[in-house]
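First the structure, in the form of structure tokens, and then the observations on it.
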Number of protein chains: 2
Amino acid sequence: MNIGEIARRAGVSRSTVSYALSGKRTVSEATRRRILDVIEELDYRPNANARALKEGRTRTIGLVIPPASRRLTDMQLDFVASVVDAAARADLDVLLSPSGGDHDRSFERVVTGRRVDGVILMEIRLEDARVARLQQAGLPFVGIGRTSRPDDMWWVDVDYAALMAKCVHHLADLGHRDIALVNRSAELVAAGYGPGHRALAGFTQGVRERGLTGVDYCCADDTAAGEACLNQILREHPEVTAVATINEAALPGIQHALENAGLSVPTDFSVTGVAAPHWAENFRPQLTAADVPALEMGARAVELLAECIADPSAAAQHLLLTPPISLRGSTGPARR
Amino acid sequence: MNIGEIARRAGVSRSTVSYALSGKRTVSEATRRRILDVIEELDYRPNANARALKEGRTRTIGLVIPPASRRLTDMQLDFVASVVDAAARADLDVLLSPSGGDHDRSFERVVTGRRVDGVILMEIRLEDARVARLQQAGLPFVGIGRTSRPDDMWWVDVDYAALMAKCVHHLADLGHRDIALVNRSAELVAAGYGPGHRALAGFTQGVRERGLTGVDYCCADDTAAGEACLNQILREHPEVTAVATINEAALPGIQHALENAGLSVPTDFSVTGVAAPHWAENFRPQLTAADVPALEMGARAVELLAECIADPSAAAQHLLLTPPISLRGSTGPARR
DNA sequence: CTGGATCATCGAACCGATTCGTCAACGATA
DNA sequence: TATCGTTGACGAATCGGTTCGATGATCCAG
């Protein structure tokens with residue numbers, strides 16, 4: 001069931017079959033009809049590998065996700081889902097590669113095997129060896145996040161610094177003087193994970209601008225860690241009346257810790273931050289937070305990648321998103 | 001930077017380079033050394049498409065996931081992650097295809113494009129057109145779940161019927177007489193989603209065996225629906241003292257509804273069911289539930305698929321998992 | 001009636017690997 | 001020295017498509 005078989009049954013040459021399918025040259029209506037009938041009858045589809053080999057492109061994009069050993073955040077999950085969906089709409093296939101910062105085999109296969117036309121790279125660090133590797137290989141890619149030298153690469157990112165600063169200002173407006181940041185895990189931050197660093201920078205800047213006192217804590221991405229982290233904050237800094245966080249997965253734990261401490265939100269304690277809508281709405285009361293637009297990011301990343309593939313020499317494009325903070329019920333005036 | 005380039009620089013023929021890499025024929029140590037040096041210097045990797053074309057296999061598996069429009073459950077996410085990980089360990093790439101029950105283009109590409117050696121098919125329905133399509137195309141595949149005629153296909157599944165029956169017996173043992181089932185969404189059940197049907201069957205059987213009274217409700221996969229569903233149960237059947245569920249995503253909503261109704265778990269009301277450990281542990285008190293072994297399922301599905309690809313004519317293998325119910329704090333004696 | 005343009009089709013080269021058949025060189029054996 | 005077996009390398013065919021150049025048929029204008 002290859003193109004030769006079709007050609008034989010239709011009594012034409014292989015090239016005619018190819019032209020009948022692609023339309024790149026005219027084929028008489030009669031033979032076209034005959035060829036399509038045979039194709040229909042045999043349920044023939046061109047071999048994608050052969051086509052990719054000759055055409056030099058695969059109509060496939062690579063999606064490099066964090067290693068599966070670490071559970072994906074909901075935001076990342078939304079992002080993956082939207083990338084896959086956007087790619088499907090553009091008739092692109094998606095090849096998944098679970099890779100951390102190291103050069104593992106899966107990542108190397110994707111980069112060097114000419115299996116993909118381009119790559120979307122998730123969870124980029126400030127210094128990321130994978131970026132250099134992709135640039136060296138000359139493979140078009142779009143980063144979700146940016147390195148410390150972001151100008152010469154394509155990326156889509158959320159402006160965590162600005163968002164966190166906004167959160168701090170919001171808390172300051174409500175009269176809070178002592179606040180805490182619940183960041184992502186210490187390992188991630190130590191590895192140079194951009195959002196972690198930029199959120200801290202924004203937090204620090206906001207605190208300074210408003211003359212507040214701020215403390216920051218790293219916290220692993222799960223409920224238990226969130227609970228432990230907030231307990232630690234309450235113990236070590238009982239003066240703190242509000243926390244801001246970019247750690248979605250810690251939110252349930254934060255909630256538990258506050259309940260256990262007998263603190264009610266928002267009368268005794270305020271909580272805000274950056275989270276996927278799903279988490280913000282599951283918090284009780286619903287979280288005042290910037291909703292990370294993961295779904296939009298995925299679609300835009302695919303669009304950008306398509307442009308980058310079409311013209312790799314074009315100037316790098318960037319997209320820095322600053323979603324508004326949705327006021328819900330989890331922040332209120334500082335207690336006194 | 002193809003194999004010809006390497007051959008030229010090393011002063012040998014292309015076939016010699018190929019044999020030096022594959023080891024399928026002997027190559028003298030001297031030339032091998034020379035070839036590998038050139039490869040190293042030029043950072044050459046064989047073109048995966050050309051290799052796949054010639055060899056007739058792609059070293060890639062397809063993973064057909066539910067469409068992204070519907071948020072994946074945590075269990076599904078764990079499953080995807082473990083499949084991707086297991087595949088990476090076996091040096092297989094994973095091609096993602098978001099497909100519902102219909103034949104969409106993405107699914108058709110995966111099935112007919114010869115881009116994958118085999119497929120893992122998630123969220124199988126009792127009558128699933130995709131299964132027939134794969135069988136017709138002769139593409140090896142492993143189902144996560146089974147159709148109503150499961151004997152002639154390979155699959156891995158969780159015995160939801162047995163698990164739900166166990167839950168019912170557990171509740172009966174605690175003295176509950178009126179219980180409710182919170183199932184997955186009405187659309188999913190109507191579409192013939194296996195776990196939904198089998199859970200209901202197990203629930204009904206358990207209720208009958210113990211002479212209880214049981215009501216069952218469908219519930220969309222989110223917090224709001226879970227809350228609404230439990231409110232409805234409390235309103236329409238105030239005699240109910242316990243619910244069992246296979247709807248993880250409804251658990252937070254169930255919790256909210258119980259809190260709002262002033263019912264405390266487990267003294268006033270019991271909750272149990274089947275959920276990924278993550279959800280079970282986030283419930284308060286922690287959920288007495290069967291932990292769906294999603295991580296194990298993923299790894300086993302990849303193993304099975306590898307066997308199925310190696311020998312497609314072999315007898316179909318099945319794996320029906322019945323994880324034990326972990327007793328945590330969310331079930332207790334019926335109130336009186 | 002002839003020359004040139006247009007249309008439809010064919011044949012062959014090519015993409016980048018793998019693999020089979022062949023063969024030269026060499027050493028060992030008779 | 002003639003023969004045989006082994007080793008190491010080469011050349012060509014092949015996988016299944018796409019695409020370029022060429023060719024024959026048809027048509028219209030001059």
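Observations, loosely collected:
- Relative to the longest principal axis of the Cα atoms of chain A, helix A:29-42 runs at roughly 60 degrees.
- Largest-first principal axis extents, alpha carbons of region A:237-324, Å: 58, 23, 19
- Backbone phi angles across region A:224-238, fed through the Karplus curve with coefficients 6.51, -1.76 and 1.60 (θ = phi - 60°), yield HN-Hα couplings of 4, 5, x, 5, 4, 5, 5, 4, 5, 4, 5, 6, 7, 9, x Hz in residue order; Gly and Pro are listed as x.
- Cα pair count fraction exceeding 27 Å, expressed as % - region A:160-291: 7
- Average 1/r across all pairs of distinct alpha carbons in chain B, invert it, and you get the Kirkwood radius: 22.4 Å.
- Evaluating 6.51 cos²θ - 1.76 cosθ + 1.60 at θ = phi - 60° for every residue in region A:154-160, the Karplus couplings come out as 8, 7, 10, 8, 9, 7, 4 Hz, glycine and proline recorded as x.
- Nonlocal amide H pairs with A:LEU63, under 5 Å, H built at 1.01 Å: A:LEU95, A:LEU96, A:SER97, A:ILE120
- Anchor A:LYS166: aspartates and glutamates whose Cα lies under 19 Å away (excluding residues fewer than 8 positions away in-chain): A:ASP157, A:ASP178, A:GLU209, A:ASP216, A:GLU248, A:ASP291
- The local environment of B:ASP37, defined by Cβ-Cβ distances under 13 Å, has a net charge of 0 under the rule Lys, Arg +1 and Asp, Glu -1.
- For chain B, the longest principal axis of the Cα atoms and the long axis of helix B:251-260 meet at an angle of about 20 degrees.
- Applying a 4.7 Å cutoff between beta carbons, the unpaired cysteines of the protein assembly as shown are A:CYS167, A:CYS218, A:CYS308, B:CYS167, B:CYS218, B:CYS308.
- Seen from every direction in turn and averaged, the convex hull around the alpha carbons of region A:3-46 projects onto 2.6 nm².
- Note on B:SER15 and A:SER326: with the Förster distance fixed at 51 Å, the Cβ-Cβ geometry gives a FRET efficiency of about 0.20.
- Dipole check for the protein assembly as shown: with +1 at the C-beta of Lys and Arg, -1 at the C-beta of Asp and Glu, and the Cα centre as origin, the magnitude is about 2240 Debye.
- Centre-to-centre, using Cα atoms only, region A:283-336 and region B:261-307 are separated by 31 Å.
- Order of B:ARG198, A:ARG235 - criterion: other Cβ atoms within 10 Å of each residue's Cβ, fewest first: A:ARG235, B:ARG198
- Residues B:SER264 and B:GLU209, FRET efficiency given R0 of 45 Å [Cβ-Cβ distance, rounded to 0.05]: 0.95
- Among beta bridges that DSSP assigns inside chain A, antiparallel share in %, nearest 5: 10
- Applied to region A:85-97, the Karplus parametrisation 6.51 cos²θ - 1.76 cosθ + 1.60 on θ = phi - 60° returns per-residue 3J(HN,Hα) values of 5, 5, 5, 4, 5, 8, 6, 10, 8, 10, 9, 9, 9 Hz, with x for Gly and Pro.
- Counting charges near A:ARG71 (Lys, Arg +1; Asp, Glu -1) among other residues having Cβ under 9 Å from its Cβ returns a value of -3.
- One way to sum up the overall shape of region B:58-119 is the equivalent ellipsoid from its Cα gyration tensor, whose semi-axes run 19, 18, 6 Å, largest first.
- Measuring nothing but alpha carbons in region A:98-182 and taking Rh as the Kirkwood radius, the Rg to Rh ratio lands at 1.17.
- DSSP-assigned coil residues among trypsin sites (Lys or Arg not before Pro) in region A:32-124, each with at most 14 further Cβ atoms within 10 Å: A:ARG57
- Estimated FRET transfer efficiency when R0 is 60 angstrom, pair A:GLU127-A:SER22 (beta carbons, to 0.05): 0.85
- Extension gain for the segment B:ALA191 to B:LEU36, taken as residue separation times 0.36 nm less the Cα-Cα distance, is 50.2 nm to one decimal.
- 44 Å tail of the calculated P(r), the protein assembly as shown, as % of Cα pairs: 30
- Charge dipole (the protein assembly as shown, unit charges on Cβ, about Cα centre) - positive-most of A:GLY202, A:VAL131, B:HIS170: A:VAL131
- Taking Cα centre as origin and charging only the Cβ of basic (Lys, Arg, +1) and acidic (Asp, Glu, -1) residues, the dipole magnitude of region A:3-46 rounds to 260 debye.
- B:ALA201 paired with B:ALA310, simple spin-label distance in nm, labels 7 Å along Cα-to-beta-carbon: 3.2
Where a number appears in this text, it was derived from the coordinates with a stated rule and is not lab data. Everything numeric here is computed off the predicted structure, so don't read it as measured data. Please note: Cβ atoms are built from the backbone with ideal geometry, for glycine as well, and neighbour counts cover all protein chains shown.
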